[in-house]
1. How would you rank 14-20, 33-39, highest first, on the average number of other Cβ atoms within 10 Å across their residues?
2. Taking K and R as +1 and D and E as -1, what net charge do the other residues with C-beta under 14 Å from the C-beta of VAL2 add up to?
3. Send over a whole-number figure in Å² for the accessible area per residue of the chain, probe 1.4 Å.
4. Return the carbon/sulfur percentage of the accessible area of the chain, one whole number, probe 1.4 Å, all protein chains in place.
5. Report the Rg/Rh value for the range 1-90, based on alpha-carbon coordinates and the Kirkwood definition of Rh.
6. Counting alpha carbon pairs within less than 8 Å and at least 6 residues apart, what relative contact order, in whole percent, applies to the chain?
Amino acid sequence: QVQLVESGGGSVQTGDSLRLSCAASGHTDSAYSVGWFRLAPGKEREFVTAIDRIGRTRYVDAVKGRFIISRGDVRNMWYLQMNNLSPEDTAIYYCATSLLAIPTLESRYDYWGQGTQVTVSS
């Protein structure tokens, strides 16, 4: 079992930045990759970005150049730096772990956090 806790969400304005955190505990050796997904109102949950143990990353086109995923210096911490936010980024953001290398499908992730709300106003 892996427990994940997201934090860092909030309400910001267009153009602002936020940094989300994902803290993992438990049997984290199974977390080869960590991904971020988001669930926007009226939409299905979608892949945002992922990083694996050797630092490879993958991003959805909508966030390339604006979002950066990283591993923390502290073990079992991951971050999502979100810059130049727009109202289209409003969603609940979830982190999740996978045994696979930076997958984009929800079904490839095994453990999920409860999510953190990000609201961007114009």
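1. Numbers: 14-20: 15.1, 33-39: 23.9.
Result, highest mean Cβ count within 10 Å first: 33-39, 14-20.
2. Numbers: positive: ARG75; negative: GLU6, ASP29, ASP110.
Surrounding charge for VAL2 is -2.
3. Numbers: 6300 Å² over 122 residues.
Averaged over the residues of the chain, the accessible area is 52 Å².
4. Numbers: 3000 of 6300 Å².
Exposed carbon and sulfur together represent 48 percent of the surface.
5. Radius of gyration relative to Kirkwood radius: 0.96.
6. Working: 309 pairs, mean separation 44.8, N = 122.
So the answer I get is 37 percent.
The values are calculated or read from the model by the stated rules, or taken from the named source; none is laboratory data. Note that the structure is predicted; figures quoted are calculated from it, not measured. Cβ coordinates were reconstructed from backbone atoms using ideal geometry, including for glycine residues, and neighbour counts include every protein chain displayed. We work out accessible area using only protein heavy atoms, side chains counted, and drop any ligands, DNA or RNA first. Shrake-Rupley method; radii C 1.70, N 1.55, O 1.52, S 1.80 Å.
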